[in-house]
1. So for the range A:27-78, what percent of the C-alpha to C-alpha distances run longer than 18 Å?
2. What is the sum of charges around A:L109, taking Lys and Arg as +1, Asp and Glu as -1, for the other residues whose C-beta is under 12 Å from the C-beta of A:L109?
3. Which Rg and Dmax, in Å, describe the Cα atoms of chain A?
4. Would you mind computing, in nm to one decimal, how far apart the modelled labels at B:E5 and B:D59 are, each placed 7 Å from Cα along Cα→Cβ?
5. Cut-off 10 angstrom, C-alpha nodes, Gaussian network model of chain A. Which of A:T71, A:T86, A:T15 fluctuates the most?
6. For the pairs B:K58/B:K112; A:K57/B:K42; A:K57/B:K68; B:K37/B:K100; B:K71/B:K112, flag any whose C-alpha to C-alpha distance is greater than 27 Å.
7. Express in whole angstrom the spacing between the alpha-carbon centres of the range A:47-100 and the range B:7-32.
8. Pick out, from B:I48, B:V64, B:Y25, the residue whose Cα sits farthest towards the positive end of the charge dipole of the range B:9-65, with +1 on the Cβ of Lys and Arg and -1 on the Cβ of Asp and Glu.
Amino acid sequence: EADIYQTPRYLVIGTGKKITLECSQTMGHDKMYWYQQDPGMELHLIHYSYGVNSTEKGDLSSESTVSRIRTEHFPLTLESARPSHTSQYLCASSGLRGGEQYFGPGTRLTVT
Amino acid sequence: GENVEQHPSTLSVQEGDSAVIKCTYSDSASNYFPWYKQELGKRPQLIIDIRSNVGEKKDQRIAVTLNKTAKHFSLHITETQPEDSAVYFCAASSNTNAGKSTFGDGTTLTVKP
């Protein structure tokens, strides 16, 4: 079944660690997005991609980086995690026409 | 860029009553307006959407209306049920943004049994 997958679902790490949050989709979508969201709060776009080798920064300043080497894969990397990075990270994708975004289940990150 | 404002931020209704959430947008080029529902601990999911070539769309108990002139659109939920309790997000996007949506800040709807 076509879906969006995120791993890990939960992660607790210490300050200064490097981490990569994985996102993969089997929807066949060109566009992918990363959002940061505190529980029940607004969605903040931090990165997006229109396709392979295309990445753009979103509206929220972030100390993370992304890559898009394959259509189905859009990992997000934090080079040096800080307590201020504690949040939920949601990955999403949308089709060629744009429009509806399909969200992954999220990664809940805690930095101690 | 696009700016989307959503009101109210919280809404509490009795079961069976109607609920209305309103959004305004700033970019006249926006032509796609989805609504997402996010239940506690779950991912946002599309519940209804409307494109700029129509003024209203209904799906059972939910409906969306769009006023392009005034640049606002609304979500209407009739005969609310406790399972409608969730956070609702509106969004706006245009072909020029190639799918990048600007989201409202969300409305927490509580339906009291």
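Here, each number is a calculation from the coordinates, and none is a lab measurement. Remember, predicted model here, so these are calculated numbers, not experimental data. A quick note on method: Cβ atoms are made from the backbone with ideal geometry, for glycine too, and the neighbour counts reach across all protein chains shown.
1. The proportion of pairs with Cα distances above 18 Å equals 30 percent.
2. Working: positive: A:R9, A:K17, A:R82, A:R108; negative: A:D38.
With Lys, Arg at +1 and Asp, Glu at -1, the net is +3.
3. Rg, Dmax (Cα atoms, Å): 13.2, 41.
4. The answer from the label model is 2.8 nm.
5. Looking only at A:T71, A:T86, A:T15, the biggest GNM fluctuation is shown by A:T15.
6. On the way: B:K58/B:K112 24 Å; A:K57/B:K42 25 Å; A:K57/B:K68 29 Å; B:K37/B:K100 18 Å; B:K71/B:K112 32 Å.
Pairs exceeding the cut-off: A:K57/B:K68; B:K71/B:K112.
7. Spelled out, the Cα-based centre of one part sits 28 Å from the other.
8. B:I48
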